[in-house]
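The values are calculated or read from the model by the stated rules, or taken from the named source; none is laboratory data. Computed from a predicted model, the values in this text were never measured in an experiment. Note that we place each Cβ from the backbone using ideal geometry, even for glycine, and neighbour counts take in every protein chain shown. Accessible surface is based on the protein model in full, side chains and every heavy atom, while ligands, DNA and RNA are left aside. Shrake-Rupley method; radii C 1.70, N 1.55, O 1.52, S 1.80 Å.
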Amino acid sequence: MSGLLIESRGGLSRLAVGARAEIDRHGRPPLPAEVVGFREAKALLMPFGPVEGVAPGADIRIVESASVVRPTAAWLGRIVNAFGEPIDGKGPLPSGPRAYPLRAAPPPAHTRGRVGERLDTGVRALDVFATTCRGQRMGIFAGSGVGKSVLLSMLARRAECDAVVVGLIGERGREVREFIEETLGPEGLARAIVVVATSDEPALTRRQAAYMTLACAEYLRDQGQQVLCLMDSVTRFAMAQREIGLAAGEPPTTKGYTPTVFSELPKLLERAGPGPMRSDGRPTGAITALFTVLVDGGDHDEPIADAVRGILDGHIVMDRKIAERGRFPAIDVLKSVSRTLPGCQTLPERELNKRARQCLSAYANMEELIKIGAYRAGADPITDRAIALNPALEGFLSQTPEDVCDMATAFSHLESILNQGLAERVE
């Protein structure tokens, strides 16, 4: 044994990458492990738990593969771990009739439906400036402590969908209960399946929690439901895969990430989206997914952020400077992009979007001069209007978790703000 890597010999003809085994330990229950590779005549295993008690010559038994899960609708409102076992103290979970592989392949491209109608998320900044459609996959890019969890809870409670699957991957242990009981609340939990793997759990467990999240979402999608999948965060999934790859002897590349990190990311993220078409031509449900990405030191071009941005159908950028001035959710709408725009908005809505962006952009370009008093009123009519409208637009973009607003109301509110500015300009 070296670090987290366990080498074993014997029985190679019965092993394959992904096979499960149990390792005997002194004075402790058997340690579950998974085969992650081979080196000459030895199998390389990584554990699902602490390695204390493992000794040279310990017996290793091959066990039945646990690479499938059998979810049912009864899992809604429950909290499970990476193995599909309940951890909320509410008793055992029933098993469904169909087994879903944890590492399923995404549906073939030619069999998938197209993205559906737009999704009302209940968050004004997203509904207007980064409109999301059913079956779309978006990334939320932000540093730590900028408000990602609160934004996810608003989406879980307000978005127009049939069911929600939340994956808390590598989350801080003390924050899990706070997120579920306070941030998500009983209303959000009632229609959600929450999958949890805390940061202290082994890399294999954290990686499997991400696979479990998508498997549960795929089950609900196949029942014809519109599913919202929220994963916090895909960066910790990548870090777990990096640990596994380095232990198995893969060469490190940029920032230590191994090649399998960049091959596993699209396999995971592509599982979300529109479901495959049925034999009669009718579409199944869809998985609308939002994956959070922790940007290292605010660097939006770091390897994982750059790779994820190229895979997904849009990105939502949260800015620490916006959070520091007290505007939540701290979404930078000028840097956020939805790749279903402008097709998913009507012509009047597109015009409102364009006018609002012009004001926000003009103010952002001159913000430093405005703050130090170097800008003189009348120098530029567009900037003058942006300064006049900025307080109202900032108020429009600000939204508390208790503030309920549908998409139609959001556009109506924005129109009244912009038209008021035009009226004042005419006067």
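May I ask you to verify whether G139 is in contact with a helix residue (DSSP H, G or I) (Cβ under 7 Å, 6 or more places away or on another chain), within 26 Å of L397 (Cα to Cα) and assigned to a helix (DSSP H, G or I)? Criteria not met by G139.
Tell me which residues, restricted to the range 159-176, are part of a strand (DSSP E or B) and either under 11 Å from A192 (Cα atoms) or acidic (D, E) (or both). Result: A163, V164, V165, V166, G167, E171. Residues considered: E243, E182, E187. Of these, the only one that is free of Cβ contacts under 8 Å to residues at least 24 places away in the same chain, open to solvent by 10 Å² or more (accessible area, probe 1.4 Å), among the acidic types (D, E) and assigned by the TED database to the domain that holds W75 is E182.
The C-beta contact set for the range 365-381 (first residue farther than 21 Å from K335 by Cα, second residue at pLDDT below 85 and of a type in the set (D, E, K, R), distance under 9 angstrom, 6+ apart or interchain) comprises P381/R425.
Taking R355 as meeting all but one of (1) open to solvent by 50 Å² or more (accessible area, probe 1.4 Å); (2) in a helix (DSSP H, G or I); (3) of a type in the set (K, R), write down the number of the exception. Failing condition for R355: (1). Here K255, K267 are screened, and the one residue that is at positive phi and outside any loop (DSSP other than H, G, I, E, B) is K255.
When you check V404 against the structure, is it within 33 Å of the chain's Cα centre (by Cα) and at pLDDT below 90, yes or no? Criteria met by V404. Does P276 fit the bill of being surrounded by fewer than 18 Cβ atoms within 10 Å (Cβ to Cβ) and within 30 Å of G188 (Cβ to Cβ)? When the stated conditions are applied, P276 passes them. If the condition is being crowded, with 21+ Cβ neighbours inside 10 Å and at pLDDT 90 or above, then the range 160-179 contributes C161, A163, V164, V165, V166, G167, L168, I169, G170. For the structure I just gave you, tell me whether D306 is free of Cβ contacts under 8 Å to residues at least 40 places away in the same chain, under 22 Å from T253 (Cβ atoms) and assigned to a loop (DSSP other than H, G, I, E, B). Against the criterion (free of Cβ contacts under 8 Å to residues at least 40 places away in the same chain, under 22 Å from T253 (Cβ atoms) and assigned to a loop (DSSP other than H, G, I, E, B)), D306 does not qualify.
Within the range 200-210, is even one residue open to solvent by 40 Å² or more (accessible area, probe 1.4 Å), assigned by the TED database to the domain that holds S279, at pLDDT below 95 and outside any strand (DSSP E or B)? Within the range 200-210, one or more residues are open to solvent by 40 Å² or more (accessible area, probe 1.4 Å), assigned by the TED database to the domain that holds S279, at pLDDT below 95 and outside any strand (DSSP E or B).
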